[in-house]
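Trainee: Quick one: the structure is below, and I'll ask about it shortly.
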Amino acid sequence: MQTRCLRNERVLIMKKKRILPVALAIALAFSGVSFANNAQAATTTLTIWHNLGTTQNADAVKALTAAYSKANPNVTFKLVDQPGDNYFALLQAAAVSKKGPDLALMWTGLFALQYKSYLQNMKGVVSDAALAREGSLSWSAPNFDAKSGAYVMPFDRQFYIGFYNKAAFAKAGVKNVPSNWNELYAACGKLKSAGFTPIVYGNGGQSLGALYYPWYDASYIAIGQNSSPDGLRDLYNGTNKWDSSKNVDSYNKYAALKTKGCTNQDILTKTNNVEDFIGGKAAMIIDGTWDTKKFTDAMKSNVAAFIPPFSDQPIKGVVEFAGQGLAMTNYSKNQAASAKFLEFMTTDAAAKIVDGVGLIPNVNGSTTSNPVNQQMLEFAAKQGFTRFPMLDNVLQGDVVDAGNKVIPAILGGKTAVAAGLKQLAQVWNNLPAGKKGNTYN
């Protein structure tokens, strides 16, 4: 009897346990609340750091995150615009305390690899199908080998490129876009006589410090010396020393841009160079695709792209590169949600958003609606130009940091060419042995 009673009590208890959840669900249903709604109410906030300022790339990040949140209301974003000149130092400091962002704007190439200690390799985290839709992933993989997995999901295809004002060229009687140093000097003389600043320099556009960013120009100086991107490795491994005779010769011709009147005199202090170009005061500017829409919006069909002719012979190369994107931090507490957003960046919908803000999508097979951006794509796709990476993305970080100061000082006339290049050579000499070989790391 006692055993049977105990069994009956257990049965009664089990029945009550089954009844309680059902009763609770009914009660919640009458109150307008459900288990599903509670689950959906949980919101994940992804923090993104960037140093894009007011560029079109910043617009792209805002538009991509807004579209993703609209389709996924349980995911919101906190966008933090950090200062450009010490952005990477801030990222490193935040990584030490693991209090940085979930996703960070990261340049590809060695910029990404030197910070990989706190970045998450996307291999096995982001789906293979999504990664296959994205171009140029090799440039953020160890030794630039895509099989090793990439650290950055690029959102646009970028160019370092020249822009020129067609009306200024016509008024000055410059009939053809210059293709070498001598033609450039000659064009500068005509443009200056017609009342234009031939090439305007300053730290406007993609502002990355107090001085103009010199690696747009340096990339084309290097391309002028090399028929293949493999030649850029010679600057990395020291085969082509910074103070070599050919570099001294090339940078002497570069410094002559100012002495021959091709540039504004205040290149080291000017901040409104973009406005001078848009306003018709300057005939040319060396810039990038992040400003194309600004130019076409203001100048319509009067603006076009050209290859900076920093060579004795016509250059048949162009800087076309997936220059930057978003990388996930390996200490993020929201990696699953971050990975889903990175996958979204590889979709046709994301490509349309990137094109909509005036940039060139990096998704394979995507198109661009901006005619000047399309002109850039056709340099390689239809005119046989060789695609080169951005020089600063395939050089050691210490060399790039030194060049940020030395190269503007050379063009600005504050440092002699030989002395400035000797400084860069010394910076390279002081690198650890592991940073001087044929393997990029």
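Trainee: Quick check, is Phe295 in contact (Cβ under 8 Å) with a residue 12 or more places away in the chain, crowded, with 17+ Cβ neighbours inside 10 Å, in contact with a Phe, Trp or Tyr (Cβ under 7 Å, 6 or more places away or on another chain) and more than 18 Å from Ser311 (Cβ to Cβ)?
Mentor: Taking the combined requirement at face value, the residue satisfies it.
Trainee: How about the stretch 235-282: which of its residues are hydrophobic (A, V, I, L, M, F, W, C) and either assigned to a loop (DSSP other than H, G, I, E, B) or open to solvent by 30 Å² or more (accessible area, probe 1.4 Å) (or both)?
Mentor: Matches in the stretch 235-282: Trp242, Val248, Cys262, Ile267, Leu268, Ile278.
Trainee: Could you tell me which of the residues Ala187, Ala141 is small (Gly, Ala, Ser) and touching a residue at least 12 places away in the same chain (Cβ under 8 Å)?
Mentor: Ala187
Trainee: Of the residues Gly189, Gly224, Gly231, Gly209, which is of a type outside the set (Val, Ile, Thr) and within 21 Å of Gly280 (Cβ to Cβ)?
Mentor: Gly189
Trainee: Does Ile285 count as buried (at least 22 other Cβ atoms within 10 Å of the Cβ) and either at pLDDT 95 or above or in contact with a His (Cβ under 7 Å, 6 or more places away or on another chain) (or both)?
Mentor: It is true that Ile285 is buried (at least 22 other Cβ atoms within 10 Å of the Cβ) and either at pLDDT 95 or above or in contact with a His (Cβ under 7 Å, 6 or more places away or on another chain) (or both).
Trainee: If you don't mind, there's one more thing I want to ask. Just to be sure, is Ala132 of a type outside the set (D, E, K, R), under 24 Å from Ala218 (Cα atoms) and open to solvent by 40 Å² or more (accessible area, probe 1.4 Å)?
Mentor: Spelling it out, it is not the case that Ala132 is of a type outside the set (D, E, K, R), under 24 Å from Ala218 (Cα atoms) and open to solvent by 40 Å² or more (accessible area, probe 1.4 Å).
Trainee: Going by the structure shown, is Gln374 more than 19 Å from the chain's Cα centre (by Cα) and either of a type in the set (A, V, I, L, M, F, W, C) or open to solvent by 40 Å² or more (accessible area, probe 1.4 Å) (or both)?
Mentor: On the way: more than 19 Å from the chain's Cα centre (by Cα): no; either of a type in the set (A, V, I, L, M, F, W, C) or open to solvent by 40 Å² or more (accessible area, probe 1.4 Å) (or both): yes.
No; evaluated as a whole, the condition is false for this residue.
Trainee: Only one residue in Tyr68, Tyr87 is closer than 21 Å to Met153 by Cα, modelled with pLDDT of 95 or more and among the aromatic types (Phe, Trp, Tyr), so which one is that? Steps first, answer last, please.
Mentor: Details: Tyr87 fails: modelled with pLDDT of 95 or more.
After ruling out the rest, the residue left standing is Tyr68.
Trainee: Determine whether Ile221 is part of a helix (DSSP H, G or I), open to solvent by less than 10 Å² (accessible area, probe 1.4 Å) and either on the phi > 0 side of the Ramachandran plot or among the β-branched types (Val, Ile, Thr) (or both).
Mentor: Details: part of a helix (DSSP H, G or I): yes; open to solvent by less than 10 Å² (accessible area, probe 1.4 Å): yes; either on the phi > 0 side of the Ramachandran plot or among the β-branched types (Val, Ile, Thr) (or both): yes.
Here the answer is yes, as Ile221 does meet what is asked.
Trainee: Answer yes or no: is there a residue in the stretch 379-402 that is in a helix (DSSP H, G or I), in contact with a strand residue (DSSP E or B) (Cβ under 7 Å, 6 or more places away or on another chain) and not polar (S, T, N, Q).
Mentor: So far as the stretch 379-402 goes, yes, one or more of its residues are in a helix (DSSP H, G or I), in contact with a strand residue (DSSP E or B) (Cβ under 7 Å, 6 or more places away or on another chain) and not polar (S, T, N, Q).
Trainee: How many of the residues making up the stretch 162-192 are outside any helix (DSSP H, G or I), open to solvent by less than 30 Å² (accessible area, probe 1.4 Å) and over 17 Å from Ser301 (Cα atoms)?
Mentor: Count: 3.
Trainee: Does the stretch 310-320 hold any residues that are surrounded by fewer than 22 Cβ atoms within 10 Å (Cβ to Cβ) and touching a strand residue (DSSP E or B) at 6+ places or on another chain (Cβ under 9 Å), and which are they?
Mentor: Passing the criteria: only Lys316.
Trainee: On to the next question. Please pick out the residue among Leu119, Leu105 that is in contact with a His (Cβ under 8 Å, 6 or more places away or on another chain) and open to solvent by less than 10 Å² (accessible area, probe 1.4 Å).
Mentor: Leu105
Trainee: Anything in the stretch 321-358 that is among the β-branched types (Val, Ile, Thr), open to solvent by less than 10 Å² (accessible area, probe 1.4 Å) and in a helix (DSSP H, G or I)? List them, or say none.
Mentor: Passing the criteria: only Val354.
Trainee: For a quick check of your reading of the model, give me the residue pairs whose first member lies in the stretch 241-259 and is in contact (Cβ under 8 Å) with a residue 40 or more places away in the chain, whose second is among the charged types (D, E, K, R) and open to solvent by less than 40 Å² (accessible area, probe 1.4 Å), with beta-carbon atoms closer than 8 Å and at least 6 apart or on different chains.
Mentor: Tyr254/Asp217
Trainee: Restricting to the stretch 91-102, name every residue that is surrounded by fewer than 18 Cβ atoms within 10 Å (Cβ to Cβ) and either under 18 Å from Leu46 (Cα atoms) or hydroxyl-bearing (Ser, Thr, Tyr) (or both).
Mentor: The first filter runs over the stretch 91-102 and keeps only residues surrounded by fewer than 18 Cβ atoms within 10 Å (Cβ to Cβ), leaving 92-93, 96-99.
Matches in the stretch 91-102: Ser97, Lys98, Lys99.
Trainee: How about the stretch 143-155: which of its residues are modelled with pLDDT under 95 and either open to solvent by less than 50 Å² (accessible area, probe 1.4 Å) or under 26 Å from Asp348 (Cα atoms) (or both)? Please lay out each step first, then the result.
Mentor: Step one: of the stretch 143-155, the residues modelled with pLDDT under 95 are 143-147, 155.
Hits for the stretch 143-155 are Phe144, Asp145, Ala146, Lys147, Phe155.
Trainee: Based on what the data block shows, is Asp401 acidic (Asp, Glu), open to solvent by 50 Å² or more (accessible area, probe 1.4 Å) and either free of Cβ contacts under 8 Å to residues at least 40 places away in the same chain or touching a helix residue (DSSP H, G or I) at 6+ places or on another chain (Cβ under 6 Å) (or both)?
Mentor: When the stated conditions are applied, Asp401 passes them.
Trainee: I'd like the residue in the stretch 377-402 that is closer than 22 Å to Leu211 by Cβ and hydrophobic (A, V, I, L, M, F, W, C) and, out of all such residues, is nearest to the chain's Cα centre (by Cα).
Mentor: Top of the filtered list is Met390.
The values are calculated or read from the model by the stated rules, or taken from the named source; none is laboratory data. Values in this document were obtained by computation on a predicted structure and should not be read as measured data. Backbone-built Cβ (ideal geometry, glycine too); neighbour counts: all protein chains shown. These accessible areas exclude ligands, DNA and RNA; they are computed on the full protein's heavy atoms, side chains included. Shrake-Rupley method; radii C 1.70, N 1.55, O 1.52, S 1.80 Å.
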